[in-house]
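Structure first, commentary second.
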Amino acid sequence: MKATDFDEAFDAGEDVGGSLDWSKARRPNDQPRRVNVDFPAWVVEALDKQARHLGVTRQSLIKLWIAERLQ
C-alpha cells in the first residue's frame, strides 16, 4: 500500500491496523531515563500515604502525577 493510499484510508476513518507490522512498532522517546529528585521528609511521607491509599507504589504515583501535569 502506498503512503498516500494509507493516509486517505486513515483520514476516511477506515481501519488501517491490518496494513501495519505491529511487531516492529515502537514509540520514539519512550526509553526510560533515571532522574534523581530530593524531597523533604514530609513530602515523602505524604507521597507514601497517598500511594498506600491508592494501592500503588510511590514511584508510580509520582510518574502519574507528573504525566498528568505535563499533558
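The values are calculated or read from the model by the stated rules, or taken from the named source; none is laboratory data. A quick note: this is a predicted structure, and the numbers were derived from the prediction, not measured. In this analysis, Cβ positions are derived from the backbone assuming ideal geometry, glycine residues included, and neighbour counts consider all displayed protein chains. Note: areas computed on protein heavy atoms with side chains; ligands, DNA, RNA excluded. Shrake-Rupley method; radii C 1.70, N 1.55, O 1.52, S 1.80 Å.
Can you work out the accessible area per residue across the chain, with the rest of the protein chains kept in place, probe 1.4 Å, in square angstrom?
100
For the chain, give the percent of accessible area contributed by carbon and sulfur heavy atoms, probe 1.4 Å, rounded to a whole number.
Accessible surface attributable to carbon and sulfur in the chain totals 51 percent.
In the chain, if the dipole is taken from +1 on Lys/Arg beta carbons and -1 on Asp/Glu beta carbons about the Cα centre, which of N29, V16, L64 is farthest to the positive end?
L64
Does anyone have the angle between helix 41-54 and the longest principal axis of the chain? Alpha-carbon axes, 0 to 90°, nearest 10?
So the inclination is approximately 60 degrees.
In deg cm²/dmol, rounded to 500, what helix-only [θ] at 222 nm does the chain give when every DSSP H run of at least 4 residues adds -39500 (n - 2.57) and the total is split over its residues?
-15500 deg cm²/dmol
Output the 0 to 90 degree angle, nearest 10, between the alpha-carbon long axis of helix 58-70 and the longest principal axis computed from the alpha carbons of the chain.
Tilt relative to the chain: about 60 degrees.
Using alpha carbons only, what's the Rg to Rh ratio of the range 26-71 with Rh from Kirkwood?
1.03
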